[in-house]
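The values are calculated or read from the model by the stated rules, or taken from the named source; none is laboratory data. In this text the structure is predicted, and so the values were computed from the model without any measurement. No Cβ is skipped: glycine too gets one built from the backbone with ideal geometry, and neighbour counts run over all protein chains shown.
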C-alpha cells in the first residue's frame with residue numbers, strides 16, 4: 001500500500017483550482033498571500049496551472065546554472081531547489097497544505113508527491129522512479145518531473161512540475177535542477193496522452209496520497225482574492 005497522510009487529520013475536502021494558463025509571478029504572489037492569510041480552519045487547496053515560458057531559480061540557486069536564457073525571463077523565487085523551466089504543455093501542481101493538520105514533515109510530503117507522480121505515470125504504462133539525493137521523478141535516469149517546495153507557518157506552497165507535451169529546448173539553456181548535462185523527457189514521448197487526462201489523474205493520485213480520496217471539491221478557476229480563506 002502506498003504511503004499516505006493521516007486521513008483523520010485532514011480537512012473536509014481538498015479544494016482544486018484549475019487555473020489554465022497564468023503568469024508565474026501572479027500565481028506566486030497569490031500562493032504567498034493564501035499561505036499568509038490561512039488559519040486552522042482553512043481548507044487545503046491544489047492549484048493546477050500552466051505558465052508562459054519562464055526560468056525560476058530557487059532560494060539557494062546558483063546563477064551559473066542559468067547558461068543562456070535568451071529572451072526567457074529568469075525569476076529568483078522563494079522555493080527550494082536550483083533552476084528549472086516552466087512553459088506551456090507542462091502541468092504544474094501547487095499543493096497548499098496545512099502540514100501540521102496532516103501530520104506531515106517536509107521529507108514525507110516530498111515522498112508522497114513523488115509517489116503520486118510515479119503512480120500517475122504507471123497508469124500510462126511508464127515505469128518511473130525516484131533518484132537518491134535528487135528530488136523529482138525520473139524515467140531511466142531522465143527527469144520527467146521537478147519538485148521544489150516552501151514551508152511557512154507550517155504550511156506548504158510551490159510544488160511540482162510534470163513535463164507532459166511541451167517544447168523541451170529551453171532545458172538545454174540551463175543545468176536542470178543544478179545538474180550539468182541532466183537530460184529531461186516528457187510523457188508525450190513515452191505514451192499517448194492528453195493534458196486534460198493527465199491533470200485529472202494527477203488530482204486523483206495526489207488526493208489519494210494526501211488522504212483525501214473521495215473528498216475532492218472544486219473552486220472557481222481563478223486566483224483567490226483577499227476576501228477568500
Does residue 210 fit the bill of being surrounded by fewer than 19 Cβ atoms within 10 Å (Cβ to Cβ) and either within 24 Å of residue 133 (Cα to Cα) or in contact (Cβ under 8 Å) with a residue 60 or more places away in the chain (or both)? no
Unique match (being more than 23 Å from residue 98 (Cα to Cα) and under 19 Å from the mean Cα position of the chain (by Cα)) among 195, 147: 195
Looking only at region 43-69, which residues are modelled with pLDDT of 95 or more, assigned to a loop (DSSP other than H, G, I, E, B) and farther than 19 Å from residue 110 by Cα? 43, 51, 52, 53
Would you confirm whether any residue within region 27-39 is crowded, with 18+ Cβ neighbours inside 10 Å and in a strand (DSSP E or B)? no
